[in-house]
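Presented below is the structure to which this report refers.
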């Protein structure tokens, strides 16, 4: 997972969220603020999610066997999908329920100063973990915008950590505003409104992650720029007459399955054809190194095939 999974970002988020969760729970016990409780559950869910991501990276590193002959690379996609479900069911569901409950049955928030101090500490800590995730993502992101990176990357861990940390900082800001508004207006219903807002925020993030991780779990092909590089490498390889068709699929973030049907120059001997196939594989791996399993079929071009 170290190559493209942002292990450092996941570990930083795990440590940070564990410390923040303890601080928030202490704040909830002291103040009784529902927004503090919602944020506590949010941080516990985040810490559990990071542990699942680390487990997914370890599980994905297992060697291929007879039952899983292409390896376990998609373990990372599966556990990232589980993370999205946990965020949806635990984080969002609890905050929405608690928010509605506190709006219908508000109660006074105590020791607001303590809660504000804890929230400010949490914002600083979340900012540190978010900064780490951004730093880890930048070399992989390249020229892509952040939203494009989240949508197009084949590595699940960094989008999860980035969205979780961003959501945590926004959620903390919402909790802070809700508590201060409740204090200034002397109306505890604002605490419930803040909690409900956190639930809606977590719901939006969870749905985004579920959609993206589902797509990866089903199996996504190479990115458009990689497809272009693979096509150009095949066409330029020795003895290639025409690329008939090309199919790709990620077996994991760092492993791409490539299958293609190629028309080679006619008149090649069996040995020459085998050498030409080897040349195609070498050319593709020179431009896309993670194109490891490759299956090249020699055939004759037909219009029906081309369509």
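Since every read-out is calculated from the coordinates, none of them should be taken as a lab result. In this text the structure is predicted, and so the values were computed from the model without any measurement.
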| query | Taking a quarter of the surface of the Cα convex hull of the range 7-53, what do you get in nm²? | reply | 2.7 nm²
| said: Relative contact order of the range 224-306, please, whole-number percent, based on alpha carbon pairs below 8 angstrom and at least 6 residues apart. | reply: 36 percent
| DSSP-defined antiparallel bridges as percent of all bridges, the chain, nearest 5 | 65 percent
| said: Output the 0 to 90 degree angle, nearest 10, between the alpha-carbon long axis of helix 189-218 and the longest principal axis computed from the alpha carbons of the chain. | reply: 10 degrees
| message | From zero outward in steps of 5 Å, how is the percent of C-alpha pairs of the range 224-306 spread across the bins? | response | 3, 15, 29, 25, 16, 9, 3, 0
| How much of the DSSP beta bridge set in the range 162-300 is antiparallel, as a percent to the nearest 5? | 65 percent
| field | Percentage relative contact order, the chain, counting C-alpha pairs under 8 Å, at least six apart | value | 21 percent
| How large is the convex hull of the Cα atoms of the range 7-218 per residue, expressed in Å³ as a whole number? | 110 Å³
| So between residue 263 and residue 65, what do we pick up on full extension, going 0.36 nm a residue minus the alpha carbon distance? | 68.0 nm
| field | the range 57-132 - Rg over Rh from alpha carbon coordinates, Kirkwood radius | value | 1.23
